[in-house]
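Just below is one structure, and these are the notes that go with it.
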Amino acid sequence: MTEHKADVGRGITLVYERFGDPGAQPLLLIAGLGQQLHSWPTEFCEQLAGRGYQVVRFDNRDVGASTHARFRPPSLPAMLLGRFPPQQYDLADLAHDTAGLLDVLGFDAAHLVGVSMGGMIAQTVAALHPARARTLTSIMSTTGTRLAGLPAWSTWRLLGARPPRTRDEAIEHTVRIFRHIGSHGFPFDEPFVRELAQRDWARDPSSAGTGRQLAAILRSGNRARQLHSITAPTLVVHGDRDRMVHPTGALATARAIRGARRATIRGMGHDLPRGAWPVLLDLISEHASVGSADAKA
């Protein structure tokens, strides 16, 4: 795929890739915490484009080839205590980046599909820029409340581990993380995870951006009241084996967004296992199709 750069304003450049017919309805895939654009597998994107959509995947700010901040991320204890540096951005800033990407691409609106932190960004775009969201699909995400959707205690220990310093350490760390938070109801594809980690390191060996993104999530707090304003047709998808965002996060999200539908994928954790693709692709494409039909009615 050919990578393109978009100046989305406020000194931020996002790198993106496109799949499918340029004249088809746009569908924007928003990646999760610390995840680069290829965390949405190329074959997954191609299959989604084959269902009649122009699919765009991109690096959020602070990961991959997009603009990185220069300040040191706060420590995890500082984040949990609400202590952030003055330069720290939040989810609204990431949502404005996303809306700026839509401007550059010439899309008045798009189907927004976000996973984990990407789901939070998609929710925030739909709340702050309602005209830009044709539909919203929030996958394995939550509202920011501290009463639901929290990581397992074992996951917190992994999040607080010393960042990897070498390529080999980064690969082993990624394998360890996804063995823990991945989909225990589906086969673990270690070769794919290793390949993903190698590509991550080659494009962006720094882990500081992930820390700043995590701080953006925690600084944004509970967004449930903000999500009440969402009018886009919304689908909330979650696995029942998620150790990163507990499935209660899906319930909180669906309750916060009026008219939201909820779907549970059995055996899925906090990743996109190939075995779940048929269900995920059906859910995303059918929701986008129904939402578009509702908008025309």
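Of note:
- Fraction of antiparallel bridges per DSSP, the chain only, in percent to nearest 5: 25
- Fraction of beta bridges assigned by DSSP in region 1-108 that are antiparallel (%, nearest 5): 65
- Each label was represented as a point 7 Å from its Cα along the Cα-to-Cβ direction; for Thr166 and Met1 these points are 3.1 nm apart.
- Anisotropy class assigned to region 85-209 is prolate, per the alpha carbon gyration tensor with a/c at or over the 1.5 cut-off and a/b larger than b/c.
- Order of Asp7, Asp93 under a 10 Å beta carbon neighbour criterion, fewest first: Asp7, Asp93
- Charged-residue dipole, Cβ positions (Lys, Arg, Asp, Glu), region 9-164 about Cα centre, Debye nearest 20: 580
- Local electrostatic count, Gly249, Cβ distance below 13 Å [Lys/Arg +1, Asp/Glu -1]: +3
- Note on Arg176 and Asn222: the extension gain reaches 13.6 nm, defined as 0.36 nm multiplied by sequence separation minus the Cα-Cα distance.
- Label point distance in nm, Arg10-Asp108, each placed 7 Å from Cα along Cα→Cβ: 2.5
- From phi via Karplus (6.51, -1.76, 1.60), per-residue ³J(HN,Hα) for region 239-252 in Hz, x at Gly/Pro: x, 9, 10, 8, 9, 8, 10, 4, x, 4, x, 5, 5, 5
- At R0 = 25 Å, FRET efficiency that the Cβ-Cβ distance of Arg194 and Arg83 yields, to 0.05: 0.10
- Length released on extending from Leu281 to Trp156, taking residue separation times 0.36 nm less the Cα-Cα span: 42.0 nm
- The slack in the chain from Leu76 to Val290, taken as 0.36 nm per residue of separation less the alpha-carbon distance, amounts to 72.9 nm.
- Listing Trp201, Trp153 from fewest to most neighbouring C-beta atoms within 10 Å gives Trp153, Trp201.
Where a number appears in this text, it was derived from the coordinates with a stated rule and is not lab data. Remember, it's a predicted structure, so these values are computed and weren't measured experimentally. All Cβ positions, glycine included, derive from the backbone under ideal geometry; neighbour counts span all protein chains shown.
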